[in-house]
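Below is one structure, written out as structure tokens; comments come after it.
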Amino acid sequence: MTEFSAFGPDFPFAYDDWLKHPSGLGVLPPERCGEAVAVIGAGAAGVMAGHELMKMGLRPILYEAGKFGGRLRSEIFEGTEDVVAELGGMRFPISSRAFYHYVDLVGCESAPFPNPLTPAAGSTVIDLEGETLFARKLDDLPPLYREVAEAYAAALEEGARFSEIRAAMQARDAARVKELWDPLVAAWDERTFYDFITSSRAFSSLPFRHREVFGQVGFGTGGWDSDFPNSMLEILRVNLCGLDDDQRYIVGGVEQVPLRLWRQPAPCAHWPEGTSLAGLNGGATRGRAIRIRRDPANGKLAVTDRWGREDLYEAVLVTCQSHLLTTSIETDEALFDQKLWMALDRTRYMQAAKTFVMADRPFWKDLDPATGRPVMSMTLTDRITRGTYLFDNGPDRPAAICLSYSWMTDALKVLPLEAEKRVDLALAALAKIYPGVDVASHIRGNPICVSWERDENFLGAFKGALPGHYRYNHRMYGQFMQADLPPEQRGIFLAGDGISWTPAWVEGAAQTALNAVWGIMRHFGGASPAANPGPGELYPQIGPRALD
Ligand SMILES: Cc1cc2nc3c(=O)[nH]c(=O)nc-3n(C[C@H](O)[C@H](O)[C@H](O)COP(=O)(O)OP(=O)(O)OC[C@H]3O[C@@H](n4cnc5c(N)ncnc54)[C@H](O)[C@@H]3O)c2cc1C
């Protein structure tokens, strides 16, 4: 049986099969080989697209304004080699088949992520309204928690024909996926996650407390109340694509994936053996792109970097968050239709903050003599920390603790605060849950924190579509299909988390990067192998449903 993958539901195209096919992704006319393409952003989407474009024989020139890897950012605690703080993506569902294609390609290892109530976490503590519960599995908790889990499962069946769509996705039956999913698009685009919960028979027959607990504890990886105002379509995609299930982390830090992909030679058309993306870029990326315009003299796209150097390209791929085309890159307005500008600017980004510390050792595994339980566990709470995750590197070795991972209002509470103050607040919250544990005495080195909205290269963590945003997403996502665009709008392509259907998941960044690769290949006059049609060949038949 095919492994379950994020197959659709909006565009059920098998990216993993496309990538694996021995015929390759496309062939360029020989006279176009060696031409340069600008890629703005060296995050997952930019590096994956760069890799594939290089393999086709183009020369991707990467521009990066901040840190290589973008939102795959693994900071190593000072003085250690492998104690990692994953500041962006940290848990990767196995259904992310396009992403894992690259993980395997570069030889990175993965291991089960210590999510709540999983064997990898060992134990979990849920602390709500001052009540602290200890559990190893769902059934260790009071019946309320199972009722909440069952109510959500029932709501998904009732409101979204969940099992039927999952079965069609599992069978990779694109026509059936669309038959079931497309009516949901119109039904749920303008309604929120909270509306879905409250209007379901499953939840409306239960007391308010069940909805409240669902918001705090969620359906697998943590509280989801921060997403309650989002369009329900976005949440359905998370569930349908299995994004909240079977998650793994990348050993040594996920940043290794884009870094190795950049450095590792790959077999390429046109380029000699041993060619790597780093090599084609002279070993380093260009800096910040500050301007993109069409040069009237030759019709090419001109990209200017922070230091004033302007280069001309036949094609440009923009992978940074869409609102940066307004705030940080002076972008020729004629390059996009006004309806697309509306979408690029209205795209709504969520906030997220993380606070990490290094501990001397995984002290949390010490057993409390009074209870026989570990002194501390993976913790979900309604307090300011929201989610605390524990990363063990082996006994008597320094370990990492994500003291707090929070979104939206909880992330804003710490936005102006420096790292040490954030740690103080987190420790104060944890002291109420674990009064006998002196976490501070185990801290080594300096804390590592992030607020993605504070960084000018992001201005937010990831997209979180609001009700009514489907049309915007559709415009951005489908922009790689350029055959019908007026000439002045061709040649500039979009990719990345911000235009994907599954924002906040790297699989969406990977899939949109691959769409753009197909679009750029066609822009240069290339063609897909007959045996391996690409996303653009199938888009007219099974592409996302258009709303009027
Ligand atoms: C807090 C957080 C938690 C997450 N958790 C998960 C998770 O657990 N699992 C999962 O699958 N995904 C997760 N994600 C999502 C995942 O990290 C993203 O989908 C993915 O990394 C996005 O890649 P990208 O290439 O689309 O964008 P980015 O990584 O943002 O890359 C774009 C790059 O463009 C650069 N840039 C910006 N402006 C310019 C400019 N003017 N010139 C040049 N470069 C520029 C930026 O610096 C950035 O490096 C998380 C993200 C965040 C923020």
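Observations
- Hey, M48 away from the ligand (no atom under 16 Å from the Cβ), touching a residue at least 24 places away in the same chain (Cβ under 8 Å), in the same structural domain as R293 (by TED's automatic domain parsing) and of a type in the set (A, V, I, L, M, F, W, C) or not: no
- Screening E3 on (1) out of contact with any Phe, Trp or Tyr (no Cβ under 7 Å at 6 or more places or on another chain); (2) assigned by TED's automatic domain parsing to the domain that holds S276 shows it passes everything except condition (2).
- Residue selected from region 192-208 under the condition touching a residue at least 40 places away in the same chain (Cβ under 8 Å) and within 23 Å of the chain's Cα centre (by Cα), by the criterion surrounded by the most Cβ atoms within 10 Å (Cβ to Cβ): F193
- Of all residues in region 466-481, those that are in contact (Cβ under 8 Å) with a residue 24 or more places away in the chain have Cβ atoms under 6 Å from Cβ atoms of residues that are assigned to a helix (DSSP H, G or I) and polar (S, T, N, Q), 6 or more apart or on another chain, in F480/N515.
- Looking only at residues of region 53-109 that are in a helix (DSSP H, G or I) and of a type in the set (F, W, Y), we find that the one that is farthest from the chain's Cα centre (by Cα) is Y102.
- Residue selected from region 305-335 under the condition over 20 Å from F68 (Cβ atoms) and small (G, A, S), by the criterion nearest to the ligand (Cβ to nearest atom): S322
- Among the conditions (1) closer than 11 Å to Q351 by Cα; (2) surrounded by 20 or more Cβ atoms within 10 Å (Cβ to Cβ); (3) of a type in the set (A, V, I, L, M, F, W, C), the only one that L415 does not satisfy is (2).
- Helices (runs of 4 or more DSSP H) contained in region 209-328 and holding at least 3 residues over 22 Å from the mean Cα position of the chain (by Cα): 277-280
Conditions (1) surrounded by 24 or more Cβ atoms within 10 Å (Cβ to Cβ); (2) not aliphatic (A, V, I, L, M), marked per residue:
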{"residue": "P22", "(1), (2)": "no, yes"}
{"residue": "V27", "(1), (2)": "no, no"}
{"residue": "R32", "(1), (2)": "no, yes"}
{"residue": "G50", "(1), (2)": "yes, yes"}
{"residue": "G57", "(1), (2)": "no, yes"}
{"residue": "E75", "(1), (2)": "no, yes"}
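The values are calculated or read from the model by the stated rules, or taken from the named source; none is laboratory data. None of these values were measured; they are calculated from a predicted model. Note: ideal-geometry Cβ built from the backbone for every residue, glycine included; neighbour counts use all protein chains shown.
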